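A short write-up of the structure that comes next.
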Amino acid sequence: MTAIATTLKSSLRSVDIVARIGGEEFVIVMPATSQKNAIDVAERIRQKIEHTAIEHNSENTFLTASFGVGTIFPQVEDQPEIFIEHVDQLLYVAKKNGRNQVKAIF
């Protein structure tokens, strides 16, 4: 997973935060980022991962990634757990629809 971590780190700004939230799932927090820019970043990361060779058992293998993307400008009354749940549902839509794609809240 070092190759994936390197891909994520090289694709994000110093103010962005990446956190593992379980299994193979990560969240990326990108402050002051529009929906379009968030989708563009997710797509760029998806393509980089798809084309990154990872050595496994002395052979190169390639992975794919699916993304759920959402944008929120937090208000006091917002519940982050609900927002994350909605974006997580988008991730599962991407996986169900063939994987290796970006789905976003519009």
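Inspect all residues belonging to the stretch 47-57 and state whether any of them is in a helix (DSSP H, G or I), of a type in the set (A, V, I, L, M), farther than 14 Å from Thr6 by Cα and touching a residue at least 12 places away in the same chain (Cβ under 8 Å). No - not one qualifying residue is present in the stretch 47-57. Only one of the numbered conditions (1) of a type in the set (A, V, I, L, M); (2) touching a helix residue (DSSP H, G or I) at 6+ places or on another chain (Cβ under 9 Å); (3) part of a helix (DSSP H, G or I) is not met by Ala42, and that is (2). If the condition is being exposed (fewer than 11 other Cβ atoms within 10 Å of the Cβ) and part of a loop (DSSP other than H, G, I, E, B), then the stretch 58-72 contributes only Ser58. Annotation: of all residues in the stretch 5-16 being surrounded by 10 or more Cβ atoms within 10 Å (Cβ to Cβ) and part of a helix (DSSP H, G or I), the one that is modelled with the lowest pLDDT is Ala5. No other residue among Ala32, Ala19 is at pLDDT below 95, open to solvent by 30 Å² or more (accessible area, probe 1.4 Å), part of a loop (DSSP other than H, G, I, E, B) and out of contact with any Cys (no Cβ under 6 Å at 6 or more places or on another chain) apart from Ala32. The set of residues in the stretch 73-106 that are open to solvent by less than 100 Å² (accessible area, probe 1.4 Å), farther than 16 Å from Val41 by Cα and in a loop (DSSP other than H, G, I, E, B) comprises Asp78, Asn97, Gly98.
The values are calculated or read from the model by the stated rules, or taken from the named source; none is laboratory data. Predicted model only: the values in this text are computed from it and were never measured. Ideal geometry is used to build each Cβ from the backbone, glycine not excepted, and the neighbour counts take in all protein chains shown. Areas reflect the complete protein model, heavy atoms only, side chains present, ligands, DNA and RNA absent. Shrake-Rupley method; radii C 1.70, N 1.55, O 1.52, S 1.80 Å.
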